[in-house]
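To start, the structure itself, in structure tokens.
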Amino acid sequence: MFKISFSSESMKRPRPQQIEQLASASEMDLRYEYFETDVSLTVKGFGTEEFPGTPAIDFIFCILIAASDVRKGNIGKVTFTENDMVVQFAPSGLDVSVVRSWDSLHGLCEIGEFFSGAIEFCGELLQCIVQNFPAFRRNPAHSKLVGMLADLR
């Protein structure tokens with residue numbers, strides 16, 4: 001079992017000035033200043049881990065990069081800028097081991113579950129942002145994320 005989910009109700013609405021600048025905001029601003037939401041990671045072996053107030057765009061980038069690394073046979077990592085926590089995704093044959101730096105209890109899922117969970121989460125969260133803030137579609141970071149997602153499929 002592998003699932004990443006978010007709460008659209010928890011998504012922090014950008015300030016009016018941020019919304020005005022959404023189409024031209026820098027990738028770094030989008031990653032760390034926009035769209036905080038509650039994210040959860042559920043994996044067989046340790047259950048559900050909650051990450052409240054997670055910067056959504058940054059998390060999408062991290063998941064897509066981690067999944068790309070796993071596809072290449074490497075360890076994928078999600079790091080958090082606000083603390084020293086790390087989630088590692090280590091491929092091993094047909095499985096992916098999920099290791100959290102703060103807990104010795106590891107999770108395990110099938111590699112197909114990992115990819116489908118990452119793709120579903122990133123696609124749904126991007127769609128949610130675009131539906132609520134259509135100007136995001138005009139930002140180059142949106143195109144970049146859509147391209148990264150397409151490469152993963």
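The values are calculated or read from the model by the stated rules, or taken from the named source; none is laboratory data. Every value quoted in this text rests on a predicted model; they were computed, and no experiment measured them. Because the Cβ atoms are built from the backbone with ideal geometry, glycine has one as well, and the counts that use them run over all protein chains shown.
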Taking the range 136-151 and keeping only residues that are surrounded by fewer than 18 Cβ atoms within 10 Å (Cβ to Cβ), among the aliphatic types (A, V, I, L, M) and touching a helix residue (DSSP H, G or I) at 6+ places or on another chain (Cβ under 8 Å), one is left with VAL146, MET148
Taking LYS3 as meeting all but one of (1) outside any strand (DSSP E or B); (2) in contact with a helix residue (DSSP H, G or I) (Cβ under 8 Å, 6 or more places away or on another chain); (3) at pLDDT 95 or above; (4) not acidic (Asp, Glu), write down the number of the exception. (1)
I'd like the full set of residues that are surrounded by fewer than 14 Cβ atoms within 10 Å (Cβ to Cβ) and either charged (D, E, K, R) or touching a Gly at 6+ places or on another chain (Cβ under 6 Å) (or both), limited to the range 96-109. ASP103
Can you tell me which residue in the range 1-48 is nearest to LEU108 (Cα to Cα), limited to those that are surrounded by fewer than 20 Cβ atoms within 10 Å (Cβ to Cβ) and aromatic (Phe, Trp, Tyr)? PHE46
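Being modelled with pLDDT under 95 and surrounded by 15 or more Cβ atoms within 10 Å (Cβ to Cβ) narrows it down to one residue among PHE51, PHE61; which is it?
Matching residue, one of PHE51, PHE61: PHE51.
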ILE129 - would you say it is surrounded by 16 or more Cβ atoms within 10 Å (Cβ to Cβ) and more than 19 Å from PRO14 (Cβ to Cβ)? no
Looking only at the range 106-153, which residues are outside any helix (DSSP H, G or I) and acidic (Asp, Glu)? GLU110
In the range 92-102, is there at least one residue being hydrophobic (A, V, I, L, M, F, W, C), free of Cβ contacts under 8 Å to residues at least 60 places away in the same chain and closer than 30 Å to GLU20 by Cβ? no
Qualifying residues in the range 32-58 (those that are assigned to a helix (DSSP H, G or I) and touching a residue at least 60 places away in the same chain (Cβ under 8 Å)) - the one nearest to ARG137 (Cα to Cα): ILE57
